[in-house]
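The values are calculated or read from the model by the stated rules, or taken from the named source; none is laboratory data. Note that the structure is a prediction, hence the values are computed from the model and not measured. Glycine gets a Cβ as well: all are built from the backbone with ideal geometry, and neighbour counts include every protein chain shown. SASA here: full protein model, heavy atoms, side chains in, ligands and nucleic acids out. Shrake-Rupley method; radii C 1.70, N 1.55, O 1.52, S 1.80 Å.
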Amino acid sequence: MIIRVYGDPKPQGSKNANVINGRAYLYESSKYLPAWRETCIMAFRAATLHSDVKQFLGPVAVTMTFFMKPAKSNKRVYPNMAPDVDKLCRSVNDSLEISGLLSNDAQVVTLIAYKIFATEEEQPGVEVEIVSL
């Protein structure tokens, strides 16, 4: 199954903490993560409407290709700057689980990830390929 999600990919993983009444509370440092995650969840749920696959139950291999928005003055070939590709994968993996496409993101036993610049013809986002093993 191949699913394309359009939007500006956001990472998950960096946390901030506040102490209130002597108790620490952790929260995601990216204020844009909830919107990105919801975009992914909706795309994954929509993909199941047009597929025989409603949920992967066993081990899976996942390939993610992140299409990053290039800066206007960009002279780089690869987007070797923040956000980290592993943190981008974390947000998508959790969205796969929340959407119900995976019963648990621990099912991902093989993960290949690419981070490239979107061309003028492409929109930023991520392409996710999931294969049952």
**Request:** Note down the magnitude of the dipole of the chain about its Cα centre, charges +1 on Lys and Arg C-beta and -1 on Asp and Glu C-beta and zero elsewhere, to the nearest 20 debye.
**Result:** 500 debye
**Message:** Two decimals, Cα atoms only, Kirkwood Rh: what is Rg/Rh over the chain?
**Reply:** 1.01
**Request:** Might you tell me the accessible area per residue for the chain, computed with a 1.4 Å probe and given in Å²?
**Result:** 61 Å²
**Request:** Mind checking the stretch 1-101 for trypsin sites (Lys or Arg not before Pro) that DSSP puts in a loop (not H, G, I, E or B) and that have at most 12 other Cβ atoms within 10 Å?
**Result:** LYS31, LYS54, LYS72, LYS75, ARG76
**Counted charge near PHE56, where neighbours are those whose Cβ lies closer than 13 Å (Asp, Glu -1; Lys, Arg +1)** = -3
**Residue among VAL131, TYR6, ALA47 farthest towards the positive dipole end of the chain, charges placed on Cβ** = TYR6
**Mean Cβ neighbour count within 10 Å, used as a protection proxy, ranking 96-108, 114-126 highest first** = 96-108, 114-126
**Item:** Mean separation of Cα contacts under 8 Å (6+ apart) over length of the chain, as relative contact order %
**Value:** 42 percent
**Asked** Which is farthest toward the positive dipole end of the chain among TYR32, LEU111, GLY100, measuring Cα position about the Cα centre, with Cβ charges +1 (Lys, Arg) and -1 (Asp, Glu)?
**Response** TYR32
**Request:** May I ask you to give the percent of accessible area on the chain that is carbon plus sulfur, with a probe radius of 1.4 Å?
**Result:** 53 percent
